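**Student:** I'd like to ask some things about the structure below.
The values are calculated or read from the model by the stated rules, or taken from the named source; none is laboratory data. Just so we're clear, the structure is a prediction, and the values are computed from it rather than from any experiment. In this analysis, Cβ positions are derived from the backbone assuming ideal geometry, glycine residues included, and neighbour counts consider all displayed protein chains.
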Amino acid sequence: MARAFGFICRASLASMCLLSTLFGQTAKHPSESASGLLEQFESTTVFWEQFLVAKRIVALHDTSVLPHLELWLRCEDMRRRGNAVFIFARLGDDRGFQVIKAILEDRSTIRAVFEIDSAGHPSPRQQIRADRYYAAHLFGDLRDMRAVPILIPVLKDEEVKLIVPWSLEEIGDASAISALIEALASVYEIAATISAMI
């Protein structure tokens, strides 16, 4: 059991590192305008592709985009909402951080459901898991120390425990080390996570 958990945790961390590397490619193209990127953000339907556009918007350091994104603060698709609030948070608007926190804490089944179970039916339970997982991932991308006391209590939460160590590692706050030691199952996972934080 511990070996299986260790493998899953390492695989999850590896995939998150790969995604982070891909998501981290935010070089500003000289011809990119805020209006063009906003149009691209609004028309992109795949949430992870939309996140790449969000990172390019953030790279502009242009807070004038925020009023154009306010409707996204109430988007039914929590992951796409998360992409918009990531922009808010990175551009210094605290509403972004607060909405990501609310998504992570939201376990209500009253939500738009896009996840499908093995029988082909909409699955609110899977949607909650996916939305909360993505919110925890966004906290890692934000690298905001305020997320540490929010993430530590969910280190053992079944829905997000595979992404929270990565997020804490990305934030890099040493105050999370003792909680990580307690939550992670194997010596390898502990050593790899802590060495990346130091």
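**Student:** Enumerate the pairs (first residue in the stretch 40-62 and outside any helix (DSSP H, G or I); second residue anywhere and basic (Lys, Arg) and buried (at least 18 other Cβ atoms within 10 Å of the Cβ)) with beta-carbon separation below 6 Å, excluding pairs fewer than 6 apart on the same chain, so at least 6 apart or on different chains.
**Tutor:** Filtered contacts from the stretch 40-62: no entries.
**Student:** Report every pair of residues separated by at least 6 positions or lying on different chains whose Cβ atoms are under 6 Å apart, first residue within the stretch 140-154 and surrounded by 19 or more Cβ atoms within 10 Å (Cβ to Cβ), second among the acidic types (Asp, Glu) and modelled with pLDDT of 95 or more.
**Tutor:** So the pair list comes out as Gly140/Glu170.
**Student:** Does any residue in the stretch 95-112 that is touching a residue at least 12 places away in the same chain (Cβ under 8 Å) come within less than 9 Å, Cβ to Cβ, of a residue that is surrounded by 14 or more Cβ atoms within 10 Å (Cβ to Cβ) and among the polar types (S, T, N, Q) six or more places away or on a different chain, and which pairs are these?
**Tutor:** Pairs that qualify, where the first residue is touching a residue at least 12 places away in the same chain (Cβ under 8 Å) and the partner is surrounded by 14 or more Cβ atoms within 10 Å (Cβ to Cβ) and among the polar types (S, T, N, Q), are Thr109/Gln127; Arg111/Gln127; Ala112/Gln127.
**Student:** Can you name every residue in the stretch 132-148 that is of a type outside the set (D, E, K, R) and either under 13 Å from Phe97 (Cα atoms) or not in a helix (DSSP H, G or I) (or both)? Walk me through it before giving the result.
**Tutor:** Step one: list which residues in the stretch 132-148 are of a type outside the set (D, E, K, R), which gives 133-140, 142, 145, 147-148.
Correct list: Ala135, Ala136, His137, Leu138, Phe139, Gly140, Leu142, Met145, Ala147, Val148.
**Student:** Gly82 versus (1) buried (at least 17 other Cβ atoms within 10 Å of the Cβ); (2) at pLDDT 95 or above; (3) farther than 22 Å from Thr45 by Cβ: which is the lone unmet condition?
**Tutor:** That leaves (3) as the condition not met.
**Student:** In the stretch 17-76, what residues are among the acidic types (Asp, Glu) and modelled with pLDDT under 95?
**Tutor:** Step one: of the stretch 17-76, the residues among the acidic types (Asp, Glu) are 32, 39, 42, 49, 62, 70, 76.
Scanning the stretch 17-76 gives Glu32, Glu76.
**Student:** Scan the stretch 88-97 and give yes if some residue there is at pLDDT 95 or above, surrounded by 13 or more Cβ atoms within 10 Å (Cβ to Cβ) and among the aliphatic types (A, V, I, L, M), otherwise no.
**Tutor:** Taking the stretch 88-97 and keeping what is at pLDDT 95 or above, we get 88-97.
Next, only the ones that are surrounded by 13 or more Cβ atoms within 10 Å (Cβ to Cβ) stay: 88-91, 93, 95-97.
The next check asks that each one be among the aliphatic types (A, V, I, L, M); those that pass are 89, 91.
Scanning the stretch 88-97 turns up at least one residue that is at pLDDT 95 or above, surrounded by 13 or more Cβ atoms within 10 Å (Cβ to Cβ) and among the aliphatic types (A, V, I, L, M).
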